[in-house]
1. Where Lys and Arg each count +1 and Asp and Glu each count -1, what net charge lies around Glu39 among other residues with Cβ under 13 Å from its Cβ?
2. Quick one: of Lys6/Lys97; Lys6/Lys118; Lys82/Lys122; Lys6/Lys88; Lys6/Lys78; Lys31/Lys120, which pairs are farther than 30 Å apart, Cα to Cα?
3. Based on DSSP H runs of at least 4 residues, each adding -39500 (n - 2.57), what is the mean residue ellipticity at 222 nm of the chain after dividing by all its residues, to the nearest 500 deg cm²/dmol?
4. Carbon and sulfur atoms: what percent of the 1.4 Å accessible area of the range 1-41 do they account for?
5. So I have [x] 42, 15, 11; [y] 22, 18, 12; [z] 29, 28, 12, and one of them is semi-axes √(5λ) of the Cα gyration tensor in Å calculated from this model. Which one is it?
6. Taking K and R as +1 and D and E as -1, what net charge do the other residues with C-beta under 12 Å from the C-beta of Ile29 add up to?
7. Can you tell me what share of the DSSP beta bridges in the range 41-123 is antiparallel? A percent to the nearest 5 is fine.
8. What are the radius of gyration and Dmax of the range 66-123, computed over its Cα atoms and given in Å?
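The values are calculated or read from the model by the stated rules, or taken from the named source; none is laboratory data. Computed from a prediction, not measured in an experiment: that's the story for all the values here. Heads up, the Cβs are rebuilt from the backbone with ideal geometry, glycines too, and the neighbour counts pull from every protein chain shown. Areas reflect the complete protein model, heavy atoms only, side chains present, ligands, DNA and RNA absent. Shrake-Rupley method; radii C 1.70, N 1.55, O 1.52, S 1.80 Å.
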Amino acid sequence: MKNTVKDIDSYIALQPENIRESLEELRQIIKSVAPDAEEVISYAMPAFKYHGMLVGFAAAKNHYGFYPWNGHTTEQFKDDLKGYTGTKGAIHFPIDKPIPTALVKKIVKARMKENFEKDKAKK
């Protein structure tokens, strides 16, 4: 994907038609939990900022990548993430399965709390 994408709408519009709806669903799930988060493009992917980088997401060939912008969230939620693949800093949701709404909300809430506490401690 070219780094010319300026916003989340543009990113989603450039994706294959069969996955646009799920990407928009993932976006809306995040926004439902973090309505005050700022939508941005970071590392050429959709992301949200709330007292720092919150979460991001991206389309891949066989999955949606969900990025909590740190290396410890996947460990923190390892029991909830059984059955999903990923890396230390990414969670892979299969394209052919529904997005796990409750899990995404749980992770976003935890990241919001973490970012808020870090920001508060700085001040």
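1. -1
2. Lys82/Lys122; Lys6/Lys78
3. Per the formula, -12500 deg cm²/dmol.
4. 44 percent
5. Given [x] 42, 15, 11; [y] 22, 18, 12; [z] 29, 28, 12, the calculated one carries the label [y].
6. Charge balance in the 12 Å sphere: +3.
7. 100 percent
8. 12.5, 44
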